[in-house]
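Have a look at the structure below, then the notes.
The values are calculated or read from the model by the stated rules, or taken from the named source; none is laboratory data. Keep in mind it's a predicted model, so treat the numbers as computed, not measured. Please note: Cβ atoms are built from the backbone with ideal geometry, for glycine as well, and neighbour counts cover all protein chains shown. Keep in mind that these areas ignore ligands, DNA and RNA; they rest on the heavy atoms of the full protein, side chains included. Shrake-Rupley method; radii C 1.70, N 1.55, O 1.52, S 1.80 Å.
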Amino acid sequence: MKRVFSVFIIFIVLSACKSDPQTQLDGYVINGTAPGIHNGVRAYLKTVDNQRREIIQDSAIIMDGKFTFKGEITTPQLWHLTINSLNGGLPILVETKEISISVDPNNLGSSTITGSKTNDALATYLHDVKELSNKRNALFEENKALATSDNPSENARIAKEIKDINQQLADYPQHFISEHPDNYFSLVLLESLVASPNMDLDEIERKLNAMSSELKSSEYGKRIASQLETKKLQMAQFNALNIGNIAPDFSAPDPDGNILAMSSIRGKATIIDFWASWCGPCRKENPNVVKVYQKYHDKGLEIINVSLDRPGHKDKWLKAIKDDNLTWHHVSNLSYFNDPIAKLYHINAIPATYILDETGTIVAKNLRGAALDAKIGELLN
């Protein structure tokens, strides 16, 4: 659940949504009151980029306990307010309307935002998540107090309650969306779910379809629908690489520059081996692969190595082939992890291997050493 919530927090500073249709302003106006804050202290509206670096979108100077942000914005965006003299920050959906902030000088995160139904929903969501998190933290403390006692029934009770709260936290984004189908903050949540791993994409699609027609037809709603379709396509491609499916065919230049297709060299058993001359673990495993090839090639084993060497490093690729005595088929686009074959097979780390039977069906993945020898033997003996 922590992973899902952390993904949401990252998205919360990167997402955008459309403003209410009745808004007539050309940009945002945010009026703040900050009692007790000295004149000249600066307030900021910030976002976070993909590397989690803060980007200042706007700034204002506090005078007589007041400050104002004004600016242009095409679609509302979720930013956060910081004030130099205060710790922490306050998430705020910046929209093309007039919004007021009453700053809590003791806890900026507890400040009040008025004038925006979207920010009302954001505040409700964060409050409810905080309440559940506080309950869980109290249970953790209770469990610590029992650490030196022998009370298995109490330990079991606490563990169950913690598990229940974790499930509530995991389910809450979808529950909130269902309860607020006409609020733009639900689109922010929905986009965070689309980006989260291991989410039920069909359920997310149902949530999107159940939203108001205004939200679905908004620029933001259409963007999420497009993201959802892209994610579903990616998942379908990823699932196509599961054991039991036919391995996708591919073609690429061999060391002589000729185009070689995997399907043209497939044997009774085939190893697709993703590697690179710069990859230490790959080079360390190569002697084991050589032994397997020498043992089983005459029985029908074929190997095709797909190198993820960097652009301009053909000489290093060819030298590694020679030095490691890799006397089988080789291809490379010399494109590092941007190689289209690596993308086709969703390779984000090497070494990586796929083992195919004589029909081209994937029967195993990422086997090394004795496990690789045993699987090839099973296919060919």
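Quick rundown of the values:
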{"read-out": "Residues that are touching a Ser or Thr at 6+ places or on another chain (Cβ under 8 Å) and either open to solvent by less than 50 Å² (accessible area, probe 1.4 Å) or among the polar types (S, T, N, Q) (or both), drawn from the stretch 365-381", "value": "Asn366, Leu367, Leu372"}
{"read-out": "Selection from the stretch 234-258 of residues that are assigned to a loop (DSSP other than H, G, I, E, B) and either within 30 Å of the chain's Cα centre (by Cα) or in contact (Cβ under 8 Å) with a residue 24 or more places away in the chain (or both)", "value": "Ala240, Leu241, Asn242, Ile243, Gly244, Asn245, Ala247, Pro248, Asp249, Phe250, Asp254, Pro255"}
{"read-out": "Residues satisfying the stated conditions in the stretch 285-341, i.e. surrounded by 14 or more Cβ atoms within 10 Å (Cβ to Cβ) and of a type in the set (Ser, Thr, Tyr)", "value": "Tyr293, Tyr296, Ser307, Ser332, Ser335, Tyr336"}
{"read-out": "The stretch 361-381 residues that are in contact (Cβ under 8 Å) with a residue 60 or more places away in the chain and assigned to a helix (DSSP H, G or I), paired with ones that are of a type in the set (Gly, Ala, Ser) and surrounded by 13 or more Cβ atoms within 10 Å (Cβ to Cβ) (beta carbon under 6 Å, 6 or more apart)", "value": "Ile376/Ala269; Leu379/Ala269; Leu380/Ala269; Leu380/Gly300"}
{"read-out": "Of all residues making up the stretch 196-220, the number that are under 21 Å from Thr74 (Cα atoms) and either outside any helix (DSSP H, G or I) or in contact (Cβ under 8 Å) with a residue 24 or more places away in the chain (or both)", "value": "5"}
{"read-out": "Residue pairs meeting the criteria (Cβ under 8 Å; at least 6 apart or on separate chains; first part of a helix (DSSP H, G or I), in the stretch 310-322; second open to solvent by 50 Å² or more (accessible area, probe 1.4 Å))", "value": "Lys316/Trp278; Ala320/Arg283"}
{"read-out": "Checking Asn348 against (1) polar (S, T, N, Q); (2) within 29 Å of Ala236 (Cβ to Cβ); (3) modelled with pLDDT of 95 or more, the condition it does not meet", "value": "(3)"}
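Residue by residue, here is whether (1) at pLDDT below 95; (2) open to solvent by 30 Å² or more (accessible area, probe 1.4 Å); (3) within 28 Å of the chain's Cα centre (by Cα); (4) of a type in the set (Ser, Thr, Tyr) holds:
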| position | (1), (2), (3), (4) |
| --- | --- |
| Ala43 | no, no, no, no |
| Thr47 | yes, no, yes, yes |
| Arg52 | yes, yes, yes, no |
| Gln57 | no, yes, yes, no |
| Ile62 | no, no, no, no |
| Phe67 | no, no, no, no |
